[in-house]
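K.L.:
My questions all concern the structure below.
The values are calculated or read from the model by the stated rules, or taken from the named source; none is laboratory data. All values reported here derive from a predicted model rather than from experimental measurement. In this analysis, Cβ positions are derived from the backbone assuming ideal geometry, glycine residues included, and neighbour counts consider all displayed protein chains. Ligands, DNA and RNA are stripped out before the accessible areas are found, and what is left, the full protein with its side chains, is counted by its heavy atoms. Shrake-Rupley method; radii C 1.70, N 1.55, O 1.52, S 1.80 Å.
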Amino acid sequence: MVLSRFWLTIFISSIVFVVISLFTGNSYTIDFILNGKKDDPILLSEKYINQVPVFIKDSIKNAPDQTMIINRDTINADTTYVYKNKTVKIYSGVQKSDGLLPTCKSTLLDLIIPLIAYLAFFCGLMELLIISGATEKLARVLSPVFVKVFPSIPKNHPSISYMTLNFAANFLGLDSAATPFGLKAMESLQEINPDKDKASDAQIMFMCLHASGLTLIATSIIGYRAAANATNPADVMLPCIITSFIGTIAAFLIVGIKQKINFKSASLVIGLMTLIAAIVGLLMYVNHLDLIGKNYFTSNLSALILVGIIAFTLILSFIKEKKFTEANTTVYETFVSGANNGVKTGVTIFPYVLGMLVAISLFRNSSLFEIISEWIAYGFSNLGVSKEITDALPVALLRPFSSAGSRGFLIDSMNTFGADSLTGRLSSIFQCSAESTFYVIAVYFGSVNIKNTRYALSTMLLVDLICVITAILVASWFF
């Protein structure tokens, strides 16, 4: 319900803003909002050559390519005049994100189809783990801790193993595996949800822990920083881990207090201390490596573990082939059955993802987002916050809406201010230590047709805010 109202609000407010801007004479056309492509120049207007100022008319005619660019300051975009076929086309600025129609196309071709492929493959593997009995054993081992964090889940329930695999995949930066495992967990939790239209306590706890973004291997961030010629691309690893870990603890405490979880449980304390010890141990190991060692570690460990999971699943399946025979199936047929379920899940979530991304596209292209972010940056600057910090805020503001959009701001901030500047490093931490909240809610809750997300959205946004504040403090401390 909350998500639906928010989606409707940003959609309507963006449309109203566009209409008001058009009728008040602001110089941009509605065509780029519908059909424009990201980073394309925005066509403001088209005039006959005699309608432009004389100095522009003379300069265009004398230019070899009949093009003239008027440079502005760093705030205002350059204006380009192009003379062709007796008319002058006037461009200024670039498209912030794809228009509505290209977004519909790219959502299907660039997002949903690859996602369906990942879902089919990993759901096929999950089905093998289920029939072979591996998930049951994993759930049995972890039940003492999980029944404290998720009191409403029965002991040894299959969802425990799915959630464990999801958390592990996120922790190691295995995004392609994390989503299928997470969707399988949501489906399993939905089976024990008494109200199918309303998110259960267990689903909300899982979603908030998932969205807190606890990550050890920040491979993509290191890659972006290396491409931006950072002196040490991996120097943000430790701040990213610290920030995301604090976000995870905050999510657990906020939801735990809301759900009246017993924090004094011995098994819960032991489990938490074990996790902290594992993270500290890995940090100590990574921290003593040199630059080449860190890059090698971060780029190869995730891939190695993913290959290991696939190999383990297949080998175990053939070892436990009798169980497949008892279930009146084969290893191959089981994989195909699981893959088929993954395809169905991908088709189910497509409308939810499409609706959210189209709304975000309109929000970005209407310039409403830029106005809001400028107000927030202005407010922070008046509070004495460093300009280096306020320059990184667009990444933090856009991260809950769009991973691709915030990534664009990250790359732009490193190109503009330098990868080794506080702005460039802080932008990297923002990008790494949070999740695309609205996208995640649309995908995960949409996959099980939950209409009422209760307090999941507000909690996840609060955790995002905590991660932003923590990232600023950690970056200021480290750099």
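K.L.:
If the viscosity is 0.692 mPa s and the temperature 37 °C, what translational diffusion coefficient in µm²/s does Stokes-Einstein give for the chain when Rh comes from Kirkwood over Cα pairs? Show your work: numbers first, answer last.
P.N.:
On the way: Rh = 24.5 Å.
D, rounded to a whole number, is 134 µm²/s.
K.L.:
Considering only protein heavy atoms and a probe of 1.4 Å, how much of the accessible area of the chain is carbon and sulfur, as a whole percent?
P.N.:
Taking all protein chains in place, the chain shows 65 percent carbon and sulfur surface.
K.L.:
At a 4.7 angstrom Cβ threshold, list every cysteine in the chain that has nobody to pair with, or say none.
P.N.:
104, 123, 208, 467
K.L.:
Using only the alpha-carbon atoms, how far is helix 237-258 inclined from the longest principal axis of the chain? Give it as 0 to 90 degrees, nearest 10.
P.N.:
Once rounded, the angle reads 70 degrees.
K.L.:
Calculate, in nm to one decimal, what residue 168 and residue 276 gain on full extension: separation in residues at 0.36 nm each, minus their alpha carbon distance.
P.N.:
Extending this stretch completely gives an extra 37.5 nm.
K.L.:
Turning to a different aspect of this structure: Can you give me the angle between helix 113-132 and the longest principal axis of the chain, using Cα atoms only, in degrees from 0 to 90, rounded to the nearest 10?
P.N.:
10 degrees
K.L.:
Counting Lys +1, Arg +1, Asp -1, Glu -1, what net charge surrounds residue 47 among other residues with beta carbon under 13 Å of its beta carbon?
P.N.:
Surrounding charge for residue 47 is +3.
K.L.:
So between residue 94 and residue 387, what do we pick up on full extension, going 0.36 nm a residue minus the alpha carbon distance? Let's see the in-between values first.
P.N.:
On the way: separation 293, 0.36 × 293 = 105.48 nm, distance 2.40 nm.
Value of the extension gain: 103.1 nm.
K.L.:
For 225, 399, 425, give me the order by solvent-accessible area with a 1.4 Å probe, most accessible first, ignoring ligands, DNA and RNA.
P.N.:
Heavy-atom accessible area, descending, gives 425, 399, 225.
K.L.:
Please enumerate, by chain and number, the lysines with C-alpha under 19 Å from the C-alpha of residue 84, excluding those fewer than 8 residues away in the same chain.
P.N.:
Partners found: 47, 57, 61.
K.L.:
Turning to a different aspect of this structure: What accessible area, in Å² to the nearest ten, does a 1.4 Å probe give for residue 55?
P.N.:
Ignoring ligands and nucleic acids, residue 55 comes out at about 120 Å².
K.L.:
Can you give me the distance in nm between label points at residue 380 and residue 319, each placed 7 Å from the Cα along the Cα-to-Cβ direction?
P.N.:
In this crude label model, residue 380 to residue 319 measures out at 5.1 nm.
K.L.:
Can you list the residues of the range 408-452 with backbone N under 12 Å from a point 7 Å past the Cα of residue 195, pointing along Cα to Cβ?
P.N.:
Taking a point 7 Å out along Cα→Cβ of residue 195, the residues of the range 408-452 whose backbone N falls under 12 Å are 451-452.
K.L.:
Counting only residues 5 or more places away or on other chains, whose amide H sits under 5 Å from the amide H of residue 37 once H atoms are built in the peptide plane?
P.N.:
Sorted by chain and number, the residues that satisfy this are 99.
K.L.:
Taking the full set of protein chains and a 1.4 angstrom probe, give the accessible area of residue 263 in square angstrom, rounded to the nearest 10.
P.N.:
Result for residue 263: roughly 70 Å² accessible.
K.L.:
Quote the charge dipole size of the chain about the Cα centre in Debye, to the nearest 20; the model charges only the Cβ of Lys and Arg (+1) and of Asp and Glu (-1).
P.N.:
660 debye
K.L.:
Quick check on the chain: helices-only [θ] at 222 nm, where DSSP H runs of length 4 and up contribute -39,500 (n - 2.57) each and the sum goes over total residues. Nearest 500, please.
P.N.:
That comes out to -22500 deg cm²/dmol.
K.L.:
Show me, for the range 50-59, the HN-Hα J-couplings you get by feeding each phi into the Karplus relation (A = 6.51, B = -1.76, C = 1.60, θ = phi - 60°), rounded to Hz, glycine and proline as x.
P.N.:
Couplings: 6, 8, 8, x, 4, 5, 6, 4, 5, 5 Hz.
K.L.:
In debye to the nearest 20, how big a dipole does the range 312-410 give about its Cα centre with +1 on each Lys and Arg Cβ and -1 on each Asp and Glu Cβ?
P.N.:
240 debye
K.L.:
Got a number for the accessible area of residue 454? Probe 1.4 Å, square angstrom, nearest 10.
P.N.:
About 80 Å², ignoring ligands and nucleic acids.
K.L.:
Name the residue from 354, 365, 325 whose Cα lies farthest towards the positive end of the charge dipole of the chain, charges +1 on Cβ of Lys and Arg and -1 on Cβ of Asp and Glu.
P.N.:
With unit charges placed on the Cβ atoms, the residue in question is 325.
K.L.:
Provide 11, 150 ordered by accessible surface of protein heavy atoms (probe 1.4 Å), highest first.
P.N.:
On the way: 11 40, 150 5 Å².
Most to least solvent-accessible, the answer reads 11, 150.
K.L.:
While we're on this one: Please report, in debye to the nearest 20, how large the charge dipole of the range 381-479 is about its Cα centre when each Lys and Arg carries +1 at its beta carbon and each Asp and Glu carries -1 there.
P.N.:
300 debye
K.L.:
So, one more: What's the local net charge at residue 200, with K and R +1, D and E -1, over the other residues with C-beta under 15 Å away?
P.N.:
Net charge in that neighbourhood comes out at +1.
K.L.:
Between the range 119-169 and the range 253-274, what's the alpha-carbon centroid distance in Å?
P.N.:
Cα centroid to Cα centroid, the span is 19 Å.
K.L.:
If one takes the longest principal axis of the Cα atoms in the chain, at what angle in degrees, from 0 to 90 and to the nearest 10, does the Cα axis of helix 437-447 lie?
P.N.:
50 degrees
K.L.:
Moving to a separate point now. Within the set 155/258; 323/344; 38/184; 155/322, which residue pairs have Cα atoms separated by over 30 Å?
P.N.:
38/184, as the Cα separations exceed 30 Å there.
K.L.:
Here's something else I'd like to know. Divide, for the range 387-438, the radius of gyration over alpha carbons by 2.2 N^0.38 Å, where N is the residue count.
P.N.:
Details: Rg = 9.7 Å, N = 52, 2.2 N^0.38 = 9.9 Å.
Against the empirical 2.2 N^0.38 Å value, I get 0.98 for the range 387-438.
K.L.:
Here's a follow-up. With a 1.4 Å probe and all protein chains in place, put 104, 123 in order of accessible area, largest first.
P.N.:
Accessible-area ranking of 104, 123, largest first: 104, 123.
K.L.:
Round to a whole angstrom and tell me the spacing of the C-alpha centers of the range 31-53 and the range 408-479.
P.N.:
33 Å
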